[in-house]
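Chemist: This structure is in structure tokens; I'll ask about it shortly.
The values are calculated or read from the model by the stated rules, or taken from the named source; none is laboratory data. Please read these numbers as outputs of a predicted model, since none were measured by experiment. So basically every Cβ, Gly included, is an ideal-geometry build from the backbone, and we count neighbours across all protein chains shown. All accessible areas refer to the heavy atoms of the entire protein, side chains included, with ligands and DNA or RNA removed. Shrake-Rupley method; radii C 1.70, N 1.55, O 1.52, S 1.80 Å.
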Amino acid sequence: MKTAIYPGSFDPVTLGHLDIIKRSAAIFDKLIIAVLANPRKKTMFTAEERVELIKLAAEGIPNIEVARSDRLLVDFAAERGSFIIVKGLRAVSDFEHEFQMALTNHKMDNRLDTLFLTTNYEYLYLSSSVVKEIGILGGDVSAFLPQSVIEKVAQRFKEWGAHDGGRD
Ligand code: PNS
């Protein structure tokens, strides 16, 4: 059975992520979506909330599991016995960082390989950061999010907009 891991911050899950989830789940027998810590980013949603949002977004896809970990991706992969990492690649701007992570992970554990799926052109521009910026400043984010998470995410934006004035 071929199991792959799709790691990310997913803060929050967007239509771009959901597209990668659907396409990866169609390629592999099982897909583990791993909500991991990215020390470079301060998140708006807790890890538990991000897991719940992904579960809501991906409801009905039978061969997925949503997990979270505070450990390194290489440790999570070893723990789960799965060494295929899937990432979505949007544009040139993603490439350098993704390339660095893929090579570093492989250096740390040479059983690990990273496969990149090119993003659907419809979502080329889309990122969680842009969605957060629009949402916190009162914009409509419903075109960017899976239907089932819009209400929950919009509610959080409303609270943040009111109390934090758009802190990153
Ligand atoms: O969605 P993101 O923020 O681009 O995902 C980045 C993520 C969470 C996959 C990356 O930061 C990660 O793998 N975090 C776990 C800690 C780790 O292994 N860091 C070393 C990366 S080379």
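Chemist: Find how much the distance from Ser129 to Leu89 grows on full extension, using 0.36 nm per residue of separation minus their present alpha carbon separation; answer in nm with one decimal.
Modeler: 12.8 nm
Chemist: How about Lys107: which aspartates and glutamates have a C-alpha closer than 18 Å to its C-alpha, ignoring those fewer than 8 places off in the same chain?
Modeler: Once the sequence-local aspartates and glutamates are set aside, what remains near Lys107 is Asp75, Glu79, Glu96, Glu98.
Chemist: Let's see if you can work this out: charge +1 on each Lys and Arg Cβ, -1 on each Asp and Glu Cβ, no other charges. What is the dipole magnitude of segment 3-159 about its Cα centre, in debye to the nearest 20?
Modeler: The dipole magnitude comes to about 140 debye.
Chemist: For Lys41 and Ser148 in one chain, what is 0.36 nm times their gap in residues minus the Cα-Cα distance, to one decimal in nm?
Modeler: Difference between extended and current length: 36.0 nm.
Chemist: To continue, here is another question. On full extension of the chain, what length is gained from Thr104 through Ala78, given 0.36 nm per residue of separation minus the C-alpha to C-alpha distance?
Modeler: Going from the current span to full extension adds 7.8 nm.
Chemist: To continue, here is another question. List the relative contact order of segment 3-159 as a percent without decimals, with contacts defined as Cα pairs under 8 Å and 6+ residues apart.
Modeler: 29
Chemist: Specify, per residue and in Å³, the volume enclosed by the convex hull of the alpha carbon atoms belonging to segment 28-71.
Modeler: Each residue corresponds to 77 Å³ of Cα convex hull volume.
Chemist: Count the lysine pairs in segment 1-73 whose Cα atoms lie under 24 Å apart, taking only pairs 8 or more positions apart in sequence or on different chains.
Modeler: The result is 8.
Chemist: Mind listing the phi-derived Karplus ³J(HN,Hα) values for segment 114-122, rounded to whole Hz, using 6.51, -1.76 and 1.60 with θ = phi - 60°, and x for any glycine or proline?
Modeler: 10, 10, 10, 9, 5, 5, 4, 4, 4
Chemist: Around Ile5, which amide H atoms from residues at least 5 apart in sequence, or from another chain, sit under 5 Å from its own amide H, with H modelled in the peptide plane?
Modeler: Residues meeting the criterion, in which the H sits 1.01 Å from N, are Ile32, Ile84, Ile85, Val86.
Chemist: What's the carbon and sulfur percent of the chain's accessible surface, probe 1.4 angstrom, rounded to a whole number?
Modeler: 53
Chemist: Classify segment 62-123: rounded, prolate or oblate, from the alpha-carbon gyration tensor (a ≥ b ≥ c, eigenvalue square roots; a/c under 1.5 rounded; otherwise prolate if a/b is larger than b/c)?
Modeler: Oblate, since a/c reaches 1.5 and b/c is not below a/b.
Chemist: To continue, here is another question. Which of Val149, Val130, Val13 ends up with the largest GNM mean-square fluctuation for the chain, with Cα atoms connected below 10 Å?
Modeler: For the chain, modelled as a Gaussian network with Cα springs under 10 Å, the answer is Val130.
Chemist: Tell me, rounded to the nearest percent, the portion of alpha carbon pairs in the chain spaced more than 28 Å apart.
Modeler: The proportion of pairs with Cα distances above 28 Å equals 19 percent.
Chemist: Amide H of Arg68 versus every other amide H placed in the peptide plane: which residues, excluding those fewer than 5 positions away on the same chain, fall under 5 Å?
Modeler: When sequence neighbours closer than 5 places are left aside, the close amide H contacts are Val35.
Chemist: When the chain is treated as a GNM, springs tying every alpha-carbon pair under 10 Å, which of Phe144, Phe99, Phe116 comes out with the largest mean-square fluctuation?
Modeler: Of Phe144, Phe99, Phe116, the most mobile in the Gaussian network model is Phe99.
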